[in-house]
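Contents: one structure, followed by commentary.
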Amino acid sequence: MGSIAKTCLRSLLKVANSAMGIVGIMLILYSCWMIRVWQRDSSYVDYSSTCPWFMYTFLGIGVTMGVITCLGHIAADSAHGYCLSCYVVIISFLLLLETAMSADILLNSDWEKDLPEDPTGRFHDFEDFVKSNFGFCKWIGFMIILAQGFSILLAVALRTLGPSYYNYDSDGDYAPERLPLVNNKVQPPPYVKDLSDPRSAINYNTWNANK
């Protein structure tokens, strides 16, 4: 019963963890597309004087989520306590960071002024897209947070059950060879005479007398 529960928890953790991996891949592809378009349309721009922070931020977030996804799959496969603990700590920190950013955006009406100027203009395009599709983006964000929270619960439950130890049924078909605890007399080789045997002692004395 315990092995079935662990298998179910592992599968659910992988599914919940894959949601973050899909989001990370989408962010990486979108950031690579933005960087490619910006380099194509702004070939005359001095790159040393401008920093497309928005595109590189998206790229960094995507790579980070991909690494976390890999760590989650490793932790789910091994069910090791240390890996699961690291995974829970990282996801919890990510949730706290997302909560702080969401609170700052909701409570601070001038949050855009705290950000540096984006030379590519992609930040304003993304902002307009979010405003025009606020309902869709809200549900996407809610699903990501729900997947992260669900991953934490599954990882904690899997860590509580402990690692799995595989037992092979074929091992029980063969009884281990056992030796008696007492009177375990080792048989000497045939060419060695056992002097404790009376017949061997008689033969040994006869051989000495003839000698």
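FYI, it's all coordinate maths here, none of it is from the lab. All values reported here derive from a predicted model rather than from experimental measurement. Cβ coordinates were reconstructed from backbone atoms using ideal geometry, including for glycine residues, and neighbour counts include every protein chain displayed.
Efficiency by 1/(1 + (r/R0)^6): what FRET value for Val37 and Glu127, r their Cβ-Cβ distance, R0 = 25 Å, to the nearest 0.05?
Numbers: r = 17 Å, r/R0 = 0.70.
Between Val37 and Glu127 the formula returns 0.90.
Please report the relative contact order for region 1-146, taking Cα pairs under 8 Å with a sequence separation of at least 6, and give it as a percent rounded to a whole number.
30
Got a sec? How would Trp38, Trp111 order by Cβ neighbour count within 10 Å, fewest to most?
Fewest-to-most ranking of Trp38, Trp111: Trp111, Trp38.
Name the shape class, rounded, prolate or oblate, that the alpha-carbon gyration tensor gives for region 1-155, where a ≥ b ≥ c are the square roots of its eigenvalues, rounded holds for a/c under 1.5, and otherwise prolate holds if a/b is larger than b/c and oblate otherwise.
Prolate, since a/c reaches 1.5 and a/b exceeds b/c.
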